[in-house]
Structure formats: structure tokens, C-alpha cells
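Engineer: One structure, as C-alpha cells, below. Some questions next.
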Amino acid sequence: MVELSAHFPGIESWTESDFERCRLGRLSNERFDDLVLQLGVRASLGADWACRKLFRWLEEEQSDTRRVMLLKAAGGCPCADYPKDLLEQLVKVPYTDICVEAAYLLVKTGDEGERAVLALLGSLSKYGRSLCLGVLTYGTGTLDVEAVAAYANDADSHIRNAALYTLAFRGDSSCTDHLIAPLQRRDTLTKEAALHALICVGDDRAVDAVLHRYRLDSARRADGTTIVWELELNYLGQQSAARPDAFAETRSVTARHWAKRDETEVAWIQAHLPQLAPDFRGQFGPLTEARRTQLRHTVLSRLQRDLADSAL
């Protein structure tokens, strides 16, 4: 349902020339935003002239805050109409909101747009680079996994974590080797991000590194402040068929430090990996494919919810 404008009564019947005439008048930022919003509605309903006008206004506009509003409204236009050259220029603008919104529109255009964003990362500030890496999460084309993975162990925590979460959503098993080094960092958020990526797309090449971390983390008494322990078990459970030896070692480590687990951790094991509990009396062995898929889904669905919430 199209929301009517409070600032421009009767705007639903306006023509292209009416929008242009209004824009040339003296408008407060609030009225300008409302005008652009209504133009964006026209664009989303298939008005070609509205799309052309949004991008022409964007090219002419000098105000950073107004350019952000124009970029947001242009999201309703068909991707084929996006002026890629203009968007690439705007990605390099120091004003972060412009940079991110322009990168988002480029990513929407598919592989070519994503390659353009990746090529521009080196010219951006560290903060802009991290945000644009995160924007790649929303792409639907074929991700250049190697290009994103190159940032997975970056010295800047925001950059590496953005790269790791993008790989979690859109990477593949080829990036596994790039996910091992971040596990060694002291930064808990980086370890969590690397484990999320391993669970979602990694293969068994990281098993020894994760098992090493699990030995260390399992020996610490639970304090309810991190989900690293749970993520390590999730990954090791998923790789139980490929590395049954490591899964057996996971069981031994878990039993050795069982008294250090709190109620939440015990409940998680009993719900997801009951064969690791000391009182398990069934036949111990690798998880079935269905159980491994279910473990992965618990993490992937949580990430998808977080991504959807961040887009609101």
C-alpha cells in the first residue's frame, strides 16, 4: 500500500514535471526526504521516468545527507538501470553512508558490481572497507571467495570480521585454509566469526586447529560469556564422519572437563551432541548426514535472522 505524503497533499496524482518543479523550490531536508521517498515509490511501481530522475538528481546533488536519501530511494529501481560509473564514484566518497549505500546498489547488480566493489576496497578507509565487505553479504552472484578471504586475517578486527561473516554466508570450502589463522587470535569476536564461517562452509582441513582450541576452551570453567565453546563442538560434530578420530578425542576432552560445564552447556550437549556426555550409553560414532545438516542449520538460521534484523 502506497503511503501518502503529509508534506505534499495530492502527490499521488503528480506528473514528472510536478516533481521537478517542487524539487527546484526551497525545501527543508525533511520535505526533500519526503519528496524523494514518494519518487522512490513511483520508481518501485515501474515508472521509468522516476528512476531516471532519481539518478539524475543523485548526480547533481551536493549534499551528502540528501545523496544518501536518493541512494536509498533508488533501491526500488530495476538493477539494469543503475549507473555503475556513478555508483563506483560514490563508493569512494569519504562520507560513510554514501559509500555503503552505493556499494549496496552495486552488489545488487550481480557479479560485475561485486567485482567493482572488491576492486575499490583498497582505496577506502579501514572503516569503509569493513562496511563494504559486509555489504557483499547481500549479494546473490558468484562471490570471489579468494578476494574476500584475503581479508580474513587482516590486522584490523572490523575488516577481518566482516570478511569472515561474508564468507560464512557466501563462501565455499575453498576458503577453509584462510579461516584457520583467525582462530589463533585473542579477539573472541574474531574466533566466533571464523568458527561461524567454518560451520557454514568449511571442510575438515581445520579440524586439528579447532580441536586444539577446544582442548584449551573446554579446560576453562564456563562463565556464560562466549559461544566459542558451542561453535567448536558444532564444527567438530559436523566433521565427525571425515575425522572420526578427532570426534573421539572431542568426547574424551569433554568427559575430562565435564564438571566445568554449566547448565546451559550441558543442556546444549544433551540436545545436539548427546553422545559426548559421560552418561551416554548408546553406540558412539560419527553423526549421520541429517544430524550434521541440522547442526549447521542451527548456526546458519541464527546468522540469517541477525542479517535480516540488521537490514531493518
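Engineer: Please list, ordered by first then second residue, the pairs with beta carbon atoms under 7 Å, 6 or more apart or interchain, first in region 127-143 and under 16 Å from GLN304 (Cβ atoms), second at pLDDT 95 or above and among the small types (Gly, Ala, Ser).
Structural biologist: GLY134/ALA162
Engineer: Something else about it: Of ASP217, ASP187, which residue is surrounded by fewer than 18 Cβ atoms within 10 Å (Cβ to Cβ) and acidic (Asp, Glu)?
Structural biologist: ASP187
Condition check ((1) within 30 Å of ARG261 (Cα to Cα); (2) touching a His at 6+ places or on another chain (Cβ under 7 Å)) across all residues:
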position: VAL135; (1), (2): no, no
position: LEU143; (1), (2): no, no
position: ALA149; (1), (2): no, yes
position: ALA163; (1), (2): no, no
position: LEU183; (1), (2): yes, no
position: HIS196; (1), (2): yes, no
position: SER218; (1), (2): yes, yes
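Engineer: Grab the helices (runs of 4 or more DSSP H) fully contained in region 103-151, keeping just those with 2 or more residues being at pLDDT 95 or above, under 16 Å from ASN161 (Cα atoms) and of a type in the set (Gly, Ala, Ser).
Structural biologist: 126-135, 145-149
Engineer: Kindly provide the set of residues from region 37-86 that are basic (Lys, Arg), open to solvent by 50 Å² or more (accessible area, probe 1.4 Å) and within 13 Å of GLU101 (Cβ to Cβ), ordered by number.
Structural biologist: Answer for region 37-86, where residues must be basic (Lys, Arg), open to solvent by 50 Å² or more (accessible area, probe 1.4 Å) and within 13 Å of GLU101 (Cβ to Cβ): just LYS72.
Engineer: Taking interchain pairs and intrachain pairs at least six residues apart, which have beta carbon atoms under 6 angstrom, with the first residue in region 188-202 and free of Cβ contacts under 8 Å to residues at least 40 places away in the same chain and in a helix (DSSP H, G or I) and the second open to solvent by 20 Å² or more (accessible area, probe 1.4 Å) and of a type in the set (D, E, K, R)?
Structural biologist: Taking only residues 6 or more apart or on different chains, the pairs are VAL201/ASP172.
Engineer: List every residue pair whose Cβ atoms lie under 6 Å apart, where the two residues are 6 or more positions apart in sequence or sit on different chains, the first residue falls within region 287-312 and is within 20 Å of SER173 (Cα to Cα), and the second residue, located anywhere, is assigned to a helix (DSSP H, G or I) and of a type in the set (Gly, Ala, Ser).
Structural biologist: Short answer, once both residue conditions are applied: LEU287/GLY237; LEU295/GLY237.
Engineer: I would also like to ask the following. For ALA311, indicate whether it is at pLDDT below 95, of a type in the set (Gly, Ala, Ser), open to solvent by 60 Å² or more (accessible area, probe 1.4 Å) and within 25 Å of LEU167 (Cα to Cα). Steps first, answer last, please.
Structural biologist: Numbers: at pLDDT below 95: yes; of a type in the set (Gly, Ala, Ser): yes; open to solvent by 60 Å² or more (accessible area, probe 1.4 Å): yes; within 25 Å of LEU167 (Cα to Cα): yes.
The answer is yes for ALA311.
Engineer: Is there a residue being free of Cβ contacts under 8 Å to residues at least 12 places away in the same chain, out of contact with any Phe, Trp or Tyr (no Cβ under 9 Å at 6 or more places or on another chain) and on the phi > 0 side of the Ramachandran plot anywhere in region 46-69?
Structural biologist: Within region 46-69, one or more residues are free of Cβ contacts under 8 Å to residues at least 12 places away in the same chain, out of contact with any Phe, Trp or Tyr (no Cβ under 9 Å at 6 or more places or on another chain) and on the phi > 0 side of the Ramachandran plot.
Engineer: Mind listing whichever residues of region 8-36 are at pLDDT below 90 and open to solvent by 60 Å² or more (accessible area, probe 1.4 Å)?
Structural biologist: Hits for region 8-36 are PRO9, GLU12, SER13, LEU24, ARG26.
Engineer: So if I check each of ALA222, ALA181, which one is open to solvent by 10 Å² or more (accessible area, probe 1.4 Å), closer than 30 Å to ILE159 by Cα, out of contact with any helix residue (DSSP H, G or I) (no Cβ under 8 Å at 6 or more places or on another chain) and touching a residue at least 12 places away in the same chain (Cβ under 8 Å)?
Structural biologist: None of the others qualify; the one that does is ALA181.
The values are calculated or read from the model by the stated rules, or taken from the named source; none is laboratory data. Keep in mind it's a predicted model, so treat the numbers as computed, not measured. No Cβ is skipped: glycine too gets one built from the backbone with ideal geometry, and neighbour counts run over all protein chains shown. Note: accessible area is taken over every heavy atom of the protein model, side chains too, but ligands, DNA and RNA are not part of it. Shrake-Rupley method; radii C 1.70, N 1.55, O 1.52, S 1.80 Å.
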